[in-house]
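Participant: Dropping the structure in here first, questions after.
The values are calculated or read from the model by the stated rules, or taken from the named source; none is laboratory data. Being a predicted model, the structure only gives us computed values, none of them experimental. Ideal geometry is used to build each Cβ from the backbone, glycine not excepted, and the neighbour counts take in all protein chains shown.
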Amino acid sequence: MNGPSYHYLQVQEHLERLKLAQAVNVLDRVAEAATQGQWSYVEFLGKLLEEEIAVRQERRLVVKQRLAHFPWVKTVDQFDFAFQPGVDEKKIRDLATLRFVERADVVLLTGPPGVGKTHLAIGLGMEAIRAGYSVYFQTLSELADQVPRDRSDPKWAERLRVLSYPKLLIIDEVGYVPLDPTAAYFVFMLVCRRYEKGAMIWTSNKGFSEWASVFAGDEVLTAAILDRLLHHGTVVNIRGQSYRLREKTRAGTIVSQDRDSRDDKTMANMLRSVPNRSGEFQVAKNGEN
Ligand code: ADP
Ligand code: MG
């Protein structure tokens, strides 16, 4: 039996030297298909390069996804709009076209725990990654923990620079943890830096009138932050029920499965004991969950 031809070995070596690893992997298969299908030389080369590019794109996506620092990955398509009729699907699909990223606009997702704010934020972030944008996700409390205590610390400017860089910055969970004045001021600086320059998605379980309690009780600073966020902002207020609580009560048990589930229970109880305070953030009516 004949071994591989000289030309074959040479092509393999060239591909390896050019670091076209996937082309090496699929060379036999594509060459075989080319013979079967009587492809032209150009068609064969096109197919081989296509395979290489596909693998590289996939790898780039994985790297970008890792850099984005998502706690988990969900897509817009995985969002059950039928379960949450209060969410305007058209509006979300429009956001998924990423015009807001190009225009450096802001999206604010608000509503009680479990209604899919983080899911939609990550879903839009995934769309942005697929489109080739840089994305970074952080909860507000993670962000605050990394703020140096002293504004003259060089790390202050460094952190600002790092968070100003991504084309889309997602700040999740405004409202769970109150910030001290230093961290609140840092967030104000960050918002000023990104204003009209870099797109952002913010999620919050609190109405805007309550945001001052998150930002160290500073009404003036909070108004300045909200003024910039809302200026070119799209607000999506999700008024529905918690998806998590529904899943758990369906299963007949409430088991702590993820990092927010305790909050859900506490929040649901709190909201039951203060029924319909704002009309907006009611999680569940008795008997429904
Ligand atoms: P929030 O950030 O509003 O507290 P999450 O986005 O963390 O809520 O949603 C809680 C869980 O429920 C996640 O696993 C999310 O994927 C899922 N979820 C929430 N809403 C929906 C929905 N409408 N369709 C599908 N999954 C949902
Ligand atoms: Mg969330």
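Participant: Can Ala54 be described as crowded, with 16+ Cβ neighbours inside 10 Å and closer than 22 Å to Ile129 by Cβ?
Facilitator: Details: crowded, with 16+ Cβ neighbours inside 10 Å: no; closer than 22 Å to Ile129 by Cβ: yes.
In short, no.
Participant: In region 67-101, what count of residues is obtained for those that are basic (Lys, Arg) and near ligand 1 (Cβ under 10 Å from one of its atoms)?
Facilitator: Going through region 67-101 one residue at a time, the tally reaches 1.
Participant: I'd like to know if region 220-228 contains one or more residues that are surrounded by fewer than 16 Cβ atoms within 10 Å (Cβ to Cβ), modelled with pLDDT of 95 or more and among the polar types (S, T, N, Q). Working first, answer last.
Facilitator: Filtering region 220-228 for residues surrounded by fewer than 16 Cβ atoms within 10 Å (Cβ to Cβ) gives 220, 223-224, 227.
Right, trim to modelled with pLDDT of 95 or more and you get 220, 223-224, 227.
Pick out the ones that are also among the polar types (S, T, N, Q) and you get none.
For region 220-228, residues surrounded by fewer than 16 Cβ atoms within 10 Å (Cβ to Cβ), modelled with pLDDT of 95 or more and among the polar types (S, T, N, Q): absent.
Participant: Can you work out which of the residues in region 102-130 that are of a type in the set (Gly, Ala, Ser) and away from ligand 1 (no atom under 15 Å from the Cβ) is nearest to Gln57 (Cα to Cα)?
Facilitator: Ala128
Participant: May I pose another question? Hey, could you check region 229-247 for residues that are assigned to a helix (DSSP H, G or I) and within 16 Å of ligand 2 (Cβ to nearest atom) and say which is surrounded by the fewest Cβ atoms within 10 Å (Cβ to Cβ)?
Facilitator: The qualifying residue surrounded by the fewest Cβ atoms within 10 Å (Cβ to Cβ) is Glu247.
Participant: Tell me yes or no: at least one residue of region 164-187 is within 13 Å of Thr203 (Cα to Cα), surrounded by fewer than 19 Cβ atoms within 10 Å (Cβ to Cβ) and touching a residue at least 40 places away in the same chain (Cβ under 8 Å).
Facilitator: Yes: one or more hits.
Participant: Please identify the pairs in which a residue from region 50-78 that is not assigned by TED's automatic domain parsing to the domain that holds Ala31 has its Cβ atom under 8 Å from the Cβ atom of a residue that is exposed (fewer than 14 other Cβ atoms within 10 Å of the Cβ) and assigned to a helix (DSSP H, G or I), counting only partners at least 6 apart or on another chain.
Facilitator: Pairs found: Val76/Arg93.
Participant: Scan region 103-118 for residues that are farther than 12 Å from Gln84 by Cα, of a type outside the set (S, T, N, Q) and touching a Leu at 6+ places or on another chain (Cβ under 9 Å) and jot them down.
Facilitator: Residues satisfying the conditions are Val106, Val107, Leu108, Leu109, Pro112, Pro113.
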